[in-house]
Amino acid sequence: MVRTLDDTLEPIFQDVLHRNPGEAEFHQAVREVLESLGPVLVKHPEFAEHKIIQRICEPERQIIFRVPWQDDKGETHINRAFRVQFNSALGPYKGGMRFHPSVYLGIVKFLGFEQVFKNALTGLPIGGGKGGSDFNPKGRSDAEVMRFCQSLMTEMYRHLGEYTDVPAGDIGVGQREVGYLFGQYKRMTNRYESGVFTGKGLDWGGSRARKEATGFGAVYFVREMLRARNMDLEGKTCVVSGAGDVAIHAIEKLQALGARVIACSDSGGMIVDEHGLELDRIRRIKEVERRRIHVYAEEQSRARYIKGGTVWTVPCEVALPCATQNELNGEDARRLVENGCIAVAEGANMPTTPEGIRLFRDAGIAYGPGKAANAGGVATSALEMQQNASRDSWTFQYTEQRLEEIICNIHRNCHDTAVEFGAPGDYVTGANIAGFLKVGHAMVALGLI
Ligand code: NDP
Ligand code: 2IT
């Protein structure tokens, strides 16, 4: 059943559609949150009075700029880059940069919008923002990626600052790119301002466990959802989509907790290895050699590669979408449920389509939306900011323990909020309301700004 918006929220959503034409992903993200907020407006009339919903749907600032750069042959390229500073009620804008050819304003805005609520759920003092570019790093040399990053930062640096806006990585932006971006920021400002960027290398201000944090956090979240139903991960058959930063560390933690991960993917297709994926092999292929996932099946004869295939067709009990938005549609969700899937936790941002979410809800499976389940990455970014501010560096064990506590708190908060608002077991409602309440109360307190 398609959820309807109540009489107060429908005109607000229509206004969002009207003001942001052609931005389908942004509309989708806003609608999903608004669908949860009806009961909140009844309980808290001050939000309507202060027009908090209208204000929360409008970014505080949107920056769009040209990025000219030269490839190794001397040919000039022009890309477009974005930084959307969405909401700073709780702290400096915080959120990653994405480099992917599909990036346009609507993608950056949906990610920035999600980030506002996600960051609120962490309980840490960070506002929400996101950026990116339609630059495609695939097949580019290190020198080309460096020139692109330097050109981008030559414009973006003026909008950043440890108390203003603190970017990090996302799709296509890992430690290599963060290094080039942070290096150029340092050069432009003549300041070693570690806290202006997170996801840095361990030798130059990074936090231990940041690289692992999103994937590990998503697994802790699914473990908590299962615990709430008196189950655990031990021996469960799992599939993970993607083979990037988030997917690799999700696989690592699933295996460490005794689960059997049998499939993962990249945008070319998927591999299935019924004996359990060999993580070292995936790491070498994807992280060291920067090659495609089909190489796994070429090297390991018992594995299968299915070109264009998605992991959702592989029977499993636990599924973790860790690649990209709308990668799991209604048909995929139906297939997962029919095949006996009991839990889904989103390592990626908005990977499940609205129809997919509806099917998971109707089937009563444990479904953890990205803004809760993948908050471990940004939470550990905030821990990196803490370490930078105190010129300290924590151990892996301590940082991971903090991450685990934060995820357990988010899970509890979403779980209890869902119960409080009459939707027990519904983590979408719980996450949207709990995140919104924190930001909304702060916005009221800070006045009309
Ligand atoms: P990476 O670039 O490291 O990996 C992305 C993976 O997803 C790759 O395997 C990639 O395949 C696949 N992928 C990307 N775009 C598409 C597409 N359009 N179609 C199919 N597959 C695609 O990114 P991350 O692992 O960092 O990010 C993955 C997801 O997690 C994203 O949704 C991101 O927003 C989210 N996320 C990331 C966090 C972080 O800390 N990094 C924190 C929270 C959420 P290929 O190589 O073939 O393109
Ligand atoms: O979507 C996300 O939360 C991220 N890409 C991480 C953001 C961050 O600032 O660490």
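The values are calculated or read from the model by the stated rules, or taken from the named source; none is laboratory data. Just so you know, these numbers come straight off a predicted model, no measurement behind them. Here the Cβ positions follow ideal geometry from the backbone for every residue, glycine too, while neighbour counts run over all protein chains shown.
Here is a check on your reading of the model: is residue 331 more than 16 Å from ligand 2 (Cβ to nearest atom), free of Cβ contacts under 8 Å to residues at least 12 places away in the same chain and of a type in the set (D, E, K, R)?
For residue 331, the condition - more than 16 Å from ligand 2 (Cβ to nearest atom), free of Cβ contacts under 8 Å to residues at least 12 places away in the same chain and of a type in the set (D, E, K, R) - is met.
Could you tell me whether residue 366 is surrounded by fewer than 24 Cβ atoms within 10 Å (Cβ to Cβ) and within 16 Å of ligand 2 (Cβ to nearest atom)?
no
Listed here are the residues, each with its yes/no results for (1) under 18 Å from the mean Cα position of the chain (by Cα); (2) of a type in the set (Lys, Arg).
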{"position": "203", "(1), (2)": "no, no"}
{"position": "211", "(1), (2)": "yes, yes"}
{"position": "214", "(1), (2)": "yes, no"}
{"position": "217", "(1), (2)": "yes, no"}
{"position": "220", "(1), (2)": "yes, no"}
{"position": "224", "(1), (2)": "no, no"}
{"position": "234", "(1), (2)": "no, no"}
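Does residue 247 count as closer than 22 Å to residue 221 by Cβ, within 16 Å of ligand 1 (Cβ to nearest atom) and not charged (D, E, K, R)?
Yes.
Does region 15-25 include one or more residues that are touching a residue at least 60 places away in the same chain (Cβ under 8 Å) and part of a helix (DSSP H, G or I)?
Yes, region 15-25 has at least one match.
Does residue 313 satisfy being farther than 25 Å from residue 106 by Cβ, hydroxyl-bearing (Ser, Thr, Tyr) and either away from ligand 1 (no atom under 12 Å from the Cβ) or at pLDDT 95 or above (or both)?
Taking the combined requirement at face value, the residue satisfies it.
Working only within region 185-199, note down all residues that are out of contact with any strand residue (DSSP E or B) (no Cβ under 9 Å at 6 or more places or on another chain) and either closer than 16 Å to residue 175 by Cβ or not in a loop (DSSP other than H, G, I, E, B) (or both).
Matches in region 185-199: 185, 186, 187, 188, 194.
Test residue 110 against the criterion of being at pLDDT 95 or above and under 16 Å from the mean Cα position of the chain (by Cα), and give yes or no.
It is true that residue 110 is at pLDDT 95 or above and under 16 Å from the mean Cα position of the chain (by Cα).
Looking at region 97-112 only, could you name the residues that are surrounded by fewer than 24 Cβ atoms within 10 Å (Cβ to Cβ) and within 10 Å of ligand 2 (Cβ to nearest atom)?
Across region 97-112, there are no qualifying residues.
Among the candidates 76, 4, single out the residue that is surrounded by fewer than 20 Cβ atoms within 10 Å (Cβ to Cβ), among the hydroxyl-bearing types (Ser, Thr, Tyr) and under 23 Å from residue 355 (Cβ atoms).
4
Name every residue in region 197-219 that is hydroxyl-bearing (Ser, Thr, Tyr) and away from ligand 1 (no atom under 14 Å from the Cβ), in order of residue number.
Within region 197-219, no residue meets the criteria.
Among residues belonging to region 335-360 that are more than 16 Å from ligand 1 (Cβ to nearest atom) and in a loop (DSSP other than H, G, I, E, B), point out the one that is surrounded by the fewest Cβ atoms within 10 Å (Cβ to Cβ).
Selected residue: 340.
Inspect all residues belonging to region 168-175 and state whether any of them is away from ligand 1 (no atom under 13 Å from the Cβ), of a type outside the set (Lys, Arg) and assigned to a strand (DSSP E or B).
no
Kindly check whether there is at least one residue in region 278-295 that is buried (at least 24 other Cβ atoms within 10 Å of the Cβ) and closer than 23 Å to residue 138 by Cβ.
no
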